[in-house]
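One structure follows; several queries about it will come next.
The values are calculated or read from the model by the stated rules, or taken from the named source; none is laboratory data. Being a predicted model, the structure only gives us computed values, none of them experimental. All Cβ positions, glycine included, derive from the backbone under ideal geometry; neighbour counts span all protein chains shown. Note: areas computed on protein heavy atoms with side chains; ligands, DNA, RNA excluded. Shrake-Rupley method; radii C 1.70, N 1.55, O 1.52, S 1.80 Å.
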Amino acid sequence: MTGPIHEGSPDSLSPAFAGEVQFSISVKKSDNSTVQVDIDLDEMGTTSRTLTNVLEHINGKLEDAGLETRIGRELVKPEPKTITTGGKTITLPAGPDQFALVVRGATTEKVSFVPTQSADAVYVVQKSGTAGSLQMLKFQSDTGGAAPAPIAGVGETQWVEGRASQTALPDGVETVRATATGPDGSVWMVADLTAGPNNQPIKGQKDVALIKLDSAGRVVMTQALGAASTASGYAIAVDENGRVAVAGSVTGALDGGKTGDVANVADSFVSVFDADGQEVWTQRRGARAADEATSVSFGPDGMVYVAGRAQSAMAGAVGVGGWDGYLQAFSETQEHKYAPIVATATGTVQFGTSGTDGVDAVAVDGNNLYSAGIEDGRIVVRQFTLEAGGKPVLAATRDLGEASGEISGLAIVDGKVVLSGTTRNAALDVGTVTTAHHGGKDAFIAVIDGSLTASADDRLTYVGGEGDDSAADMKILDGKVWLTGVANRPEDAKATDPTRAYLTRVDATTGAVEWRQEWDGDGAQAAPLTLAVASGGASVLDRLGLPQGEIDQSQSKTLVNATSLRVGDRFYVSPADGGRSVAVTIEARDTLQTLARKIEQASNMKLKVTVSSESAKDGEPGDLATALKTGLQRLSITARDGVKGAVLTAGETGRDALAGLGLSQGYIGKTSGDDVTATFGLGLPTNLNLGSASAIATAGEKLQAAMKVIRDAYRGLSPEANKPAVTGQAPAYLQAQLANYQAALARLTG
């Protein structure tokens, strides 16, 4: 189901269908034959292009082609909005009805949408509004005829020419630090989660998620890392086969419930996923002191390279002092076709000064790897030669001068190193300046020779205005540099002052600005975070909210790929009247069905466990209806008739599977009759203590879990239907408290 594309009556003209609207619907049938249906709304002649008429036209062509697939519409009822202005709360009436498109497919037909004309697409993830909500904006880089020009979508705010769509990211996404596009045109992002989707709770306080969106901006997959405490994601890379690598830092337990050498110190991690988003392998590598992986890249022969910074020596390397930069290589081995892929660290290099150093970006070009970072306040680029087995060896270093800012991107184009970032330094040591520094803090684009020796062809371009400009991210497409960030803020601006975003394309050789747009965010706050580019990714399909390529109708049902669970996570089942507990351990191939059997067996058949699927209900919100239509499954655990039931107990800290399943520990007993016992276990161990940092972290995790059980118990023991009606006048002491609260509010609000 798309987002809303039409507002008002379905029998009124729709701007989404105006002008030249041409695309194809390609359907692959179960017999491997393919039927292509060409859609051209000019064939409607004088028939008005209303939502009703357009759908009749499209479905008529699908029917004539002998296909079962149809395109329908879904009513999205807008809700009243509440705003506060002048100290008063005002409720605005709901707007007109909105309609989304729904692809009603058949199990025997795989549906793809193919545009007739396309242009390059640029995706910007930004924070918008005073609350810092996250959005993904899609821009069409060529509005001069390669594809019909984009239009403002229904319900979109702060529209600017060239923008094809605006999509709100899911609740619970705290930030996004890196994005990339896959070979199929999809957008991958690594995000920090403070809460998972409704059907995918996270186990700790903050987790890392790999999120996939189609070309229309719809979230089609969310894969949580499964950290037991906290984790942060900093980097992402996608190879030509669609594999995805994610890197960052993790504190507390991760794989197999294991923590690092020091439980409360952050370690680097890297995870590799296949093109479907299923985890292939994860490596956690750390120093005794804190470290974090800030960059990742694929190399030759399937190698994976991770770079970052560490406060002490990484395994296999020697520390220099302070925060050091580091680079690690990982190779993959597989005993046979059906064996798991195993990753092994094959080389580690640590470098820097005695001050604060790090690596902000890496890029691989054949058998050369380049890194860029800030070392003791200076911009330093390093070249490494990749030896047999992928081991990196330092070959050259170049100092570009005082940083006065940060690095945002690194790429290799035709043997040249292209570097971007922000700086107040008006004279970086790069060579020919194509565009001079504008004042304040400017974004910059540096082009230097791949040998890292000074060359007459070196170029430096400053991008900005008189105030402060930033470069949040950089990507290169067809040799042209794309930059995004915040434009021209006053140097003395406060955090709450307005911020204006920009997106620009620059010829780094001449310094010419070929394309640029600026825009405001809701509440005059817009701050781009990341950037991704896709060749041919924009088309008229964006107006209709439809993705390019095949609609993914398959979802993994293994628990480790559908939830935040990891292999080895577990919980325990024990008899209600006491006795030995039996562990239920998550394995790689476990599904809800296999888990249900495990629970029943662990309870000695005293529990009845069933898996049910739900279908969409009329009137459900679009995102929920979409989730239900894909087959949302639920696990139901009850006591069998005539038995006492059993007790569920959480697994060890860092390995608890109940949290990843969204279940609370406690007694499961009879559900009807006079002697029903409703029991909720807090699961607080008797050996909790605050004697060390790791013990404090463990105690915090246990207390958080206990608080969740208390909330679940309140909801379970005090159902709304059983609450007595409140009648009569409130007691005097409550009236006095309310009067005091109202007086306090009056003073606070004036």
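Net charge near Thr175: determine it from the other residues with C-beta under 15 Å of the C-beta of Thr175, scoring Lys and Arg +1 and Asp and Glu -1. Intermediate results must be reported in sequence, preceding the final value.
Details: positive: Lys127, Arg177, Lys206; negative: Asp171, Glu174, Asp192, Asp207, Glu292, Asp473.
Here the count lands on -3.
Run the dipole for the range 52-154 about the Cα centre, Lys and Arg Cβ at +1, Asp and Glu Cβ at -1, nothing else charged, and hand back the magnitude in debye, nearest 20. Don't jump to the answer; show the numbers that get you there.
Working: 10 positive and 10 negative charges, 104 e Å.
With only Lys, Arg, Asp and Glu charged at Cβ, the dipole is about 500 debye.
On the accessible surface of the range 492-597, probed at 1.4 Å, how many percent belong to carbon and sulfur atoms?
48 percent
Taking the simple approach of a point 7 Å from Cα along Cα-to-Cβ for both Ala388 and Asp376, what is their distance in nm?
The two pseudo-label positions are separated by 3.7 nm.
At a probe size of 1.4 Å, how large is the accessible area of Leu410, to the nearest 10 Å²?
20 Å²
Accessible surface of Ser9 in the full protein assembly, 1.4 angstrom probe, to the nearest 10 Å²?
Rounded to the nearest 10, the figure is 60 Å².
Identify, among Phe23, Val102, Ala411, the residue whose Cα sits farthest towards the positive end of the charge dipole of the chain, taking +1 on the Cβ of Lys and Arg and -1 on the Cβ of Asp and Glu, with the dipole about the Cα centre.
So the residue we want is Val102.
Also, I was wondering about something else. Residues of the chain: accessible area per residue at 1.4 Å, in Å²? Show your work: numbers first, answer last.
Numbers: 34350 Å² over 750 residues.
The answer is 46 Å² per residue.
Determine the gain in length on full extension of the stretch Thr344-Asp399; use 0.36 nm per residue of separation and subtract their C-alpha separation, reporting nm with one decimal.
Numbers: separation 55, 0.36 × 55 = 19.80 nm, distance 3.22 nm.
Answer, rounded to one decimal: 16.6 nm.
What aspartates and glutamates sit close enough to Lys127 to cross-link, taking a C-alpha to C-alpha distance under 16 Å and skipping anything fewer than 8 places away on the same chain?
Filter leaves Glu156, Asp171, Glu174, Asp192, Asp473, Asp497, Glu518, Asp520, Asp522.
Place the peptides 507-515, 345-353 in order of packing, highest mean first, counting for every residue the other Cβ atoms within 10 Å and averaging per peptide.
Descending packing order for the listed peptides: 345-353, 507-515.
If r is the Cβ-Cβ distance from Gln117 to Arg589 and R0 is 30 Å, what FRET efficiency results, to the nearest 0.05? Write down the numbers at each step before the final one.
Numbers: r = 45 Å, r/R0 = 1.49.
Efficiency, rounded to the nearest 0.05: 0.10.
For the pair Val280 and Ala168, how long in nm is the line joining their label points, each one 7 Å along Cα→Cβ?
The answer from the label model is 3.6 nm.
Next question. Just the number, please: carbon plus sulfur as a percent of the accessible area of the range 191-350, 1.4 Å probe, no ligands or DNA/RNA counted. Write down the numbers at each step before the final one.
Values: 2610 of 5660 Å².
Ligands and nucleic acids excluded, carbon and sulfur give 46 percent.
Then there is this: Take Asp38, project a point 7 Å from its Cα along the Cβ direction, then tell me which residues of the range 535-575 have their backbone nitrogen under 19 Å from it.
Once the point is set 7 Å along Cα→Cβ of Asp38, 540-541, 549 turn out to lie under 19 Å by backbone N, inside the range 535-575.
Which pairs in the list Lys206/Lys494; Lys61/Lys110; Lys206/Lys598; Lys203/Lys608 are over 19 Å apart, alpha-carbon to alpha-carbon?
Lys206/Lys494; Lys206/Lys598; Lys203/Lys608
Leu92 to Thr194: FRET efficiency via 1/(1 + (r/R0)^6), r the Cβ-Cβ distance, R0 30 Å, to the nearest 0.05? Let's see the in-between values first.
Details: r = 29 Å, r/R0 = 0.98.
Rounded to the nearest 0.05, the efficiency is 0.55.
Efficiency by 1/(1 + (r/R0)^6): what FRET value for Thr496 and Thr356, r their Cβ-Cβ distance, R0 = 30 Å, to the nearest 0.05?
Calculated value: 0.55.
Heavy atoms of the protein only, probe of 1.4 Å, neighbouring chains included. What is the accessible area of Tyr733 in Å², nearest 10?
Ignoring ligands and nucleic acids, Tyr733 comes out at about 140 Å².
Could I ask something else about it? Under 5 Å between amide hydrogens, which residues at least 5 positions from Ala164 or on another chain qualify, with H placed 1.01 Å from N in the peptide plane?
Counting only residues 5 or more places away or on other chains, the set is Lys138, Phe139, Gln140.
Using 0.36 nm per residue, how much length does the chain from Ala512 to Ser694 gain when fully extended, once their Cα-Cα distance is taken away? It would help to have the intermediate numbers written out before the result.
Numbers: separation 182, 0.36 × 182 = 65.52 nm, distance 5.44 nm.
Full extension of this stretch gives 60.1 nm more.
Now for a separate question. With θ set to phi - 60°, apply the Karplus curve 6.51 cos²θ - 1.76 cosθ + 1.60 along the range 571-584 and write out the HN-Hα couplings as whole Hz, x wherever there is a Gly or Pro.
Each residue of the range 571-584 in turn: 8, 10, 10, 9, x, 5, 9, x, x, 5, 8, 10, 7, 10 Hz.
Roughly how far apart, in whole Å, are the Cα centres of the range 99-126 and the range 421-464?
Answer, in whole Å: 40.
About its Cα centre, what dipole magnitude does the range 1-42 give when the only charges are +1 on Lys and Arg Cβ and -1 on Asp and Glu Cβ, stated in debye to the nearest 20? Let's see the in-between values first.
On the way: 2 positive and 7 negative charges, 58 e Å.
Approximately 280 debye in magnitude.
Place +1 on the Cβ of every Lys and Arg and -1 on the Cβ of every Asp and Glu in the chain, take the dipole about the Cα centre, and give the residue among Gly8, Pro78, Ala697 whose Cα lies farthest towards its positive end.
Farthest towards the positive end: Ala697.
Over the range 301-422, calculate the relative contact order: mean separation of alpha carbon pairs under 8 Å at least 6 apart, over the residue count, as a percent. The partial results should precede the final answer.
On the way: 312 pairs, mean separation 23.3, N = 122.
Contact order relative to length: 19 percent.
May I pose another question? For Thr47 and Thr108 in the same chain, what is the full-extension length gain: residue separation times 0.36 nm, less their Cα-Cα distance, in nm?
Details: separation 61, 0.36 × 61 = 21.96 nm, distance 3.27 nm.
Here the segment from Thr47 to Thr108 would lengthen by 18.7 nm.
For the chain, what does -39500 (n - 2.57) per DSSP helix run (n ≥ 4), summed and divided by total residues, give at 222 nm, in deg cm²/dmol to the nearest 500? Don't skip to the end; give the middle numbers.
Values: 7 runs with 85 residues, N = 750.
About -3500 deg cm²/dmol.
May I ask you to derive the relative contact order of the range 144-217, considering only C-alpha pairs under 8 Å and at least 6 residues apart, and to give it as an integer percent?
On the way: 104 pairs, mean separation 17.8, N = 74.
Once normalised by length, the contact order is 24 percent.
Looking only at the chain, where both bridge partners belong to it, what percent of the DSSP beta bridges are antiparallel (to the nearest 5)? Can you show the working numbers first?
Working: 199 of 206 bridges.
In the chain, DSSP labels about 95 percent of beta bridges as antiparallel.
May I pose another question? In whole percent, what relative contact order does the chain give with Cα contacts below 8 Å and a gap of six or more residues? Walk me through the numbers before you get to the answer.
Numbers: 1930 pairs, mean separation 76.5, N = 750.
Relative contact order for the chain comes out at 10 percent.
Another question about this same structure. Work from the charge dipole of the chain (Cβ charges, +1 for Lys and Arg, -1 for Asp and Glu, about the Cα centre) and give the residue of Val709, Val359, Gln742 farthest towards its positive end.
Farthest towards the positive end: Val709.
Taking the Cα centre of the chain as origin, work out the dipole magnitude from +1 charges on Lys and Arg Cβ and -1 charges on Asp and Glu Cβ, in debye rounded to 20.
Working: 64 positive and 88 negative charges, 572 e Å.
In total the dipole reaches around 2740 debye.
Give me the one-decimal nm value for the distance between modelled label points at Asp641 and Asp11, 7 Å along each residue's Cα-to-Cβ direction.
Taking the simple label geometry, Asp641 and Asp11 are separated by 5.5 nm.
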